[in-house]
Amino acid sequence: MKILIIQQKMIGDVLASSILFEAIKHQYPDAELHYLINTHTFPVVDQNPYIDKIHFFTPEHEKSKLKLFKLAKQLRKENYDVIIDVYSKLSSNLITLLSKAKIKISIDKGRNKLLYSNLYKHKAKADTNAGLAIENRLQLLQPLDIDTTNIVRPKIYLTKEEESAAKAFLESNHIDTNKPIYMIGVLGSGPNKTYPFDYMASVIDTIVKTQPESQILFNYIPKQEEDAKAILDLCAPETQKHIHFEVFGKSLRDFLAITSHCDALIGNEGGAINMAKALNIPTFTIFSPWIKKEAWNMFDDGKKHLSVHLKDYDNQPYLGINHPKELKSQASELYLKFKPSYFEEDLVKFLERLEA
C-alpha cells in the first residue's frame with residue numbers, strides 16, 4: 001500500500017499531522033508513506049523514521065498554476081493507493097483530483113464532496129487531553145481500519161551529533177546546563193498572536209524572581225530582533241542580567257537542539273510550543289484571546305503542560321459568540337485585559353513543579 005499525506009501551511013500543522021505516519025506504520029509496517037509539505041517546514045520531520053519520502057510544495061507552486069499542475073502530474077506517476085488531504089485547500093484538491101488513488105480522505109468542506117471518497121467533520125469537543133488538532137487528524141485514518149482512539153504524540157527526532165553540538169554551543173556561551181534554562185517564546189507569528197511586550201516582560205521578571213538561578217533564552221528570528229530587544233529593555237534590570245539575548249539557534253534544527261536542553265519553553269502559543277512538546281520539554285503557553293484554546297492545547301495536563309487563555313479568567317467577552325475567532329479584530333483590546341497577574345500564581349506553581 002502506498003499513501004500520500006498532504007499537509008500545507010505552518011510548522012505546527014506539519015508536526016501535528018506527522019502522527020499519522022506512526023499510526024499507519026504500526027498497523028501496516030510495509031506501507032510506503034510519502035509526505036507533501038511546504039519547504040520551510042521540513043526541519044520538524046527531518047529524521048522521522050516513519051516517513052519514507054518527502055515531496056515539497058514550494059512558493060513557486062503557489063505563484064504558478066502551471067508549476068502546480070506539473071507537481072500534480074508528477075505525483076500522479078507515484079500511483080498512490082490512498083491520499084489523505086488534511087486541510088483540503090484548492091491546490092491539494094487539484095493534486096487529489098489528478099491522482100489515481102481509489103481512497104481519498106479529507107475534512108468535509110461542503111464544496112469538496114465529489115473529490116473525496118471519505119470526508120469527516122471536525123469534532124466540536126475533544127475526548128482526551130490530546131486536543132482537537134490531534135483527534136481531528138486521527139479520525140482521517142478510519143477508512144484504513146486503524147484504531148483512532150489510540151492516541152499518538154508528535155515527536156521530533158534529533159541526532160546525537162545535533163544534541164551534543166547544542167550542548168557545546170550553550171556551554172561556550174557561559175550557560176550552565178546544570179542550572180535552570182528557560183526558552184521564552186517572546187513573539188507570536190503575528191501581532192494578534194503576540195502577548196503585549198510589557199506584559200511579556202513582566203512574565204519574564206516573575207520567572208527570575210521565582211527561580212533566581214534562571215538562565216533565559218529568547219526564541220526569535222533575525223527579522224524579529226528589534227521587537228525581541230524591545231521586550232528585553234522592558235524587563236527589570238536584575239532580570240536582564242539573566243537573559244542571554246545573543247544565544248539563539250541560527251537554523252530551525254539548531255533551535256530544536258538547543259530547546260532539547262531547556263527545562264521548559266514559556267511564551268506565546270505557536271509552532272515553538274508544539275515543537276517543545278514534541279521534544280518532551282515542559283511548556284507554559286499563553287494563548288491569544290481570539291484563538292480556540294481547545295484546538296491547540298495538545299496534551300495539556302495542568303502540570304507538565306499548562307496553557308492559559310483570557311477566557312479562563314474572564315468569560316465576559318465570550319458570551320454570545322460561537323467561536324473566539326469572531327473576536328480577532330479585537331485582539332489588541334482583549335490582550336490588554338489579559339493581565340499577567342491573572343495567571344502569575346499558575347506560572348509560579350508551574351516553575352516550582354519543575355524545580356521539585
Study note, to complete from the structure: Checking Asp176, Asp145, Asp108 in turn, the sole residue that is surrounded by fewer than 19 Cβ atoms within 10 Å (Cβ to Cβ) and either under 26 Å from the mean Cα position of the chain (by Cα) or of a type in the set (A, V, I, L, M, F, W, C) (or both) turns out to be Asp108
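Residue by residue, here is whether (1) assigned by TED's automatic domain parsing to the domain that holds Lys179; (2) over 25 Å from Pro324 (Cα atoms); (3) aromatic (Phe, Trp, Tyr) holds:
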{"position": "Val247", "(1), (2), (3)": "yes, yes, no"}
{"position": "Ile258", "(1), (2), (3)": "yes, yes, no"}
{"position": "Asn268", "(1), (2), (3)": "yes, no, no"}
{"position": "Asn280", "(1), (2), (3)": "yes, yes, no"}
{"position": "Lys292", "(1), (2), (3)": "yes, no, no"}
{"position": "Trp296", "(1), (2), (3)": "yes, no, yes"}
Check your understanding: Just one of the numbered conditions (1) assigned to a helix (DSSP H, G or I); (2) closer than 22 Å to Ala16 by Cα; (3) not assigned by TED's automatic domain parsing to the domain that holds Gln47 is not true of Arg153; which one?
Key -> (1)
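Yes/no per residue for (1) in contact with a Phe, Trp or Tyr (Cβ under 6 Å, 6 or more places away or on another chain); (2) among the β-branched types (Val, Ile, Thr); (3) free of Cβ contacts under 8 Å to residues at least 60 places away in the same chain:
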{"position": "Lys9", "(1), (2), (3)": "no, no, no"}
{"position": "Glu22", "(1), (2), (3)": "yes, no, no"}
{"position": "Leu33", "(1), (2), (3)": "yes, no, yes"}
{"position": "Ser64", "(1), (2), (3)": "no, no, yes"}
{"position": "Lys73", "(1), (2), (3)": "no, no, yes"}
{"position": "Ile83", "(1), (2), (3)": "no, yes, no"}
{"position": "Asn112", "(1), (2), (3)": "no, no, yes"}
Review point. Of these, Lys325, Lys311, which one is in a helix (DSSP H, G or I), under 22 Å from Pro191 (Cβ atoms) and without any contact (Cβ under 8 Å) to a residue 24 or more places away in the chain?
Key: Lys311
Exercise for review: Please go through region 249-264 and pick out each residue that is in contact (Cβ under 8 Å) with a residue 24 or more places away in the chain and either surrounded by fewer than 14 Cβ atoms within 10 Å (Cβ to Cβ) or under 23 Å from Phe350 (Cβ atoms) (or both).
Suggested key: Ser251, Phe255, Leu256, Ile258, Thr259, Ser260, His261, Cys262, Asp263, Ala264
**Study point:** Selection from region 181-220 of residues that are surrounded by fewer than 14 Cβ atoms within 10 Å (Cβ to Cβ) and either free of Cβ contacts under 8 Å to residues at least 24 places away in the same chain or within 25 Å of Arg253 (Cβ to Cβ) (or both)
**Key:** Gly190, Pro212
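The values are calculated or read from the model by the stated rules, or taken from the named source; none is laboratory data. Owing to the predicted nature of the structure, the values given are computational and were not obtained by experimental measurement. Note that each Cβ is placed from the backbone with ideal geometry, even for glycine, and that neighbours are counted across all protein chains shown.
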